[in-house]
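J.: My questions will all concern the structure given below.
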Amino acid sequence: MTPAEMRAAFQADLARRIAMMERLLDQLEARPCGGAEIADALAAHLHDIKGTGRPFGVPEATDLARSFEHRLKQDGGPAALDPAALRELLGKLKALC
């Protein structure tokens, strides 16, 4: 697989992940109490993006996901997820697709 093909494959997967994260975030906002599983799933997607962006030629995605994941760990974990901040992050990630 060429670097361009790897980047394109990552971008397609990133678009899919963003759509899934948007749906999860909608669910979390609809039921903020009891949304720990949803928040954990969001955190898992961020972790996966962090680990795959740079090797697939999209280091910006790794950097954005790493920054947000670090904020989650410092601010009390996925249960302390800030939906507005995550929506902002998703917007930045969309720009990389």
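J.: Excluding residues on the same chain fewer than 8 positions from residue 92, give the aspartates and glutamates whose Cα lies under 16 Å from its Cα.
T.: Excluding near neighbours in sequence, the set is 13, 22, 60, 63, 69, 82.
J.: If neighbour count is taken as other Cβ atoms inside 10 Å, put 97, 33 in order from fewest to most. Write out the running numbers ahead of the final one.
T.: On the way: 97 15, 33 5.
Going from least to most buried by this count: 33, 97.
J.: Given the DSSP H assignment, sum -39500 (n - 2.57) over each helix run of at least 4 residues in the chain and divide by its residue total; what's the result at 222 nm in deg cm²/dmol, nearest 500? All intermediate terms of the calculation are to be shown ahead of the outcome.
T.: Values: 4 runs with 73 residues, N = 97.
Counting only the DSSP helices, I get -25500 deg cm²/dmol.
J.: Over the chain, what is the relative contact order in percent, taking alpha-carbon pairs closer than 8 angstrom and at least six residues apart?
T.: 34 percent
Readers should treat all values here as calculations from the given coordinates under stated rules, not as data from a laboratory. Note that this is a predicted model, so its numbers are computed, not measured. In this analysis, Cβ positions are derived from the backbone assuming ideal geometry, glycine residues included, and neighbour counts consider all displayed protein chains.
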